[in-house]
Amino acid sequence: MRFSFMGKHGGSHPEENKSRTSKLPIVDASVPKIMVYPVSMHIGAPAKPVVEIGETVKVGQLIAEEGGFVSANVYSSVSGEVIAIEKRGKIGGGEVDSIIVKNDYEYTKADPIVEPGRSQDMSKDEIIQTVRKAGIVGMGGATFPTAVKLSPPPGMTIDTLIINGAECEPYSTSDHRVMVEHADEIIHGINLSRALFPQLRRIYIGVEDNKPDAIKALEEASAEFDDIFVRPLKTMYPQGSEKNLIKSMTGREVSPGGLPAEVRCVVANTSTIRSCYRACEFGEPLIERIVSVSGTPIREPKNLRVKIGTPMDSLIEDCGGFADVPGKVLGGGPMMGKTVSDLGVPIIKGTTAITVLTPEEAEQGDSHDCIMCSECLNVCPVSLQPILISEAFERGNIDKAQELGAMDCIECGNCSFICPSKIPLLANIRSAKAAIKAKEEK
């Protein structure tokens with residue numbers, strides 16, 4: 001991506017680079033022989049394996065159960081034999097306990113997690129329990145357990161539901177295609193929320209205006225509901241950040257460190273709300289997701305329906321491999337995505353995209369001293385001072401970094417993108433957040 005001062009307060013305008021996949025329909029990805037299921041593909045406590053080496057599992061069988069209130073179940077997406085439970089790499093770096101299943105290609109199915117066909121008759125508690133049982137987490141990348149998000153603290157009234165269809169990350173088109181091809185299921189998922197929030201008054205679906213086909217599909221699918229509003233949003237990064245969406249849709253502002261529920265809102269990603277519907281209506285646990293694979297070095301970019309646990313290199317092979325030498329492979333997009341050094345890492349619940357950059361695109365350049373241009377402040381969507389947090393971290397002053405609001409950073413990457421001095425602001429802030437968490441755990 002080229003550097004540009006095309007910013008405004010709270011956002012920037014990186015090149016979209018979506019044209020190679022935005023019009024491509026979703027197709028099924030290949031399913032390899034060996035599938036890898038990390039027990040930690042969500043925010044919160046890791047799940048605990050409930051299978052043993054040598055055990056035969058079915059499609060949709062629970063293989064690791066949630067490890068606490070903020071945690072999520074893990075299910076096998078294939079049938080076959082558990083051949084190992086060991087440390088494996090994951091997107092974002094590091095190794096975590098993972099369950100390895102050898103696919104038998106018979107796809108023998110386990111029983112549905114709930115009786116199919118009952119979604120419209122479910123009570124609030126039944127919906128929450130089903131979403132929790134299905135292992136659904138935020139599929140836009142946040143991976144926060146959805147059942148927890150749909151259960152605001154006692155005493156907090158929710159009158160507004162916001163569905164996030166912005167998908168502002170460059171290259172990524174997975175949610176775009178879900179909105180175009182499965183708009184009806186998104187609306188069905190939205191309607192489930194009426195049982196969850198009896199005082200719900202308005203439902204907004206926010207979609208960036210560079211996706212007119214998605215806007216049209218959602219408008220047609222929601223035409224009979226006078227409380228569902230499809231709202232085109234100006235194309236700007238990160239238009240889809242939770243607090244930005246709330247302010248854009250309602251004019252309400254969430255305080256630093258605050259929760260959307262404090263301003264009577266709940267925000268959910270389009271693919272997440274669709275998965276909630278499929279869990280309640282068909283008894284499906286979360287075992288697959290849509291992933292866009294793109295970037296100049298990719299020979300044939302695609303939007304793929306992928307079984308969770310599929311190693312990344314299998315998807316790249318589905319796209320014809322590399323036409324040019326790759327400079328960097330990212331799990332996610334170029335703004336928030338994490339560099340992947342081992343293409344054997346698996347697709348997890350929050351993997352929206354695989355983005356491959358050329359060596360020239362991946363080149364960061366040498367960093368220089370801050371020129372005090374203030375652009376990182378201008379483009380920060382949560383009104384932080386990224387350069388000051390970065391400098392505090394580099395000085396080893398973790399308390400100062402925390403005082404400056406490091407934990408409120410949503411890691412959008414705008415500051416690093418806009419910085420003419422090429423200071424690794426996002427990397428420093430991520431490190432500061434990790435140091436703050438480690439200090440608090442002590």
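Just so it is clear, none of the values below were taken in a lab; they were calculated from the coordinates. Values in this document were obtained by computation on a predicted structure and should not be read as measured data. As a convention, Cβ positions derive from the backbone with ideal geometry for all residues, glycine included, and neighbour counts pool all protein chains shown.
The distance from the alpha carbon centre of region 254-290 to that of region 129-177 is 2 Å, rounded to a whole number. Approximating the spin labels as points 7 Å out from Cα along Cα→Cβ, the Lys23-to-Asp213 distance works out to 0.7 nm. Going from the residue with the fewest nearby Cβ atoms within 10 Å to the one with the most, His13, His182 rank His13, His182. Just so you know, the Rg over Rh for region 119-282 is 0.93, from Cα atoms, with Rh as the Kirkwood radius.
Here the Debye sum runs over all C-alpha atoms of region 204-350 as equal scatterers in vacuum, and log10 of I(q)/I(0) at q = 0.19 Å⁻¹ comes out as -1.30.
Within the chain, which is the longest segment that contains none of the chymotrypsin sites (Phe, Trp or Tyr not before Pro) sitting in a DSSP loop with at most 16 other Cβ atoms within 10 Å?
Working: sites that count: Phe3, Phe5, Phe69, Tyr105, Tyr107, Phe225.
Here the longest run is 226-442.
With the largest listed first and rounded to whole Å, the semi-axes of the equivalent ellipsoid of the chain from the Cα gyration tensor are 32, 27, 23.
Fully extending the segment from Lys400 to His13 would add 136.3 nm, taking 0.36 nm per residue of separation and subtracting the current Cα-Cα distance.
Among the cysteines of the chain, those whose beta-carbon sits 4.7 Å or more from every other cysteine beta-carbon are Cys168, Cys265, Cys276, Cys280, Cys319, Cys370, Cys373, Cys380, Cys409, Cys412, Cys419.
When 1/r is averaged over all different Cα pairs and the result inverted, which Kirkwood radius in Å belongs to region 311-442?
Computed over Cα pairs of region 311-442, the Kirkwood hydrodynamic radius comes out at 16.3 Å.
For region 1-138, the alpha carbon positions stretch 56, 39, 33 Å along the principal axes, listed from largest to smallest. Taking amide hydrogens as modeled 1.01 Å from N in the peptide plane, which residues meet the under 5 Å criterion relative to Glu208, leaving out close sequence neighbours? When sequence neighbours closer than 5 places are left aside, the close amide H contacts are Ala166, Leu233. The Cα-based radius of gyration and maximum Cα-Cα distance (Dmax) for region 375-441 are 10.8, 36 Å. Evaluated at 25 °C with a viscosity of 0.890 mPa s, what Stokes-Einstein diffusion coefficient in µm²/s does region 48-92 have when Rh comes from the Kirkwood expression over alpha-carbon pairs? Estimated diffusion coefficient is 214 µm²/s.
Report the net charge of residues surrounding Ser255, where surrounding means a beta-carbon distance below 14 angstrom and charges are Lys +1, Arg +1, Asp -1, Glu -1.
Working: positive: Lys243, Lys247, Arg252, Arg264; negative: Glu242, Glu253, Glu262, Asp408.
Summing Lys/Arg as +1 and Asp/Glu as -1 gives 0.
Run lengths n ≥ 4 of DSSP H only: what is the helix-derived mean residue ellipticity at 222 nm for the chain, with -39500 (n - 2.57) per run over all residues, to the nearest 500? The per-residue figure over the chain is -7500 deg cm²/dmol.
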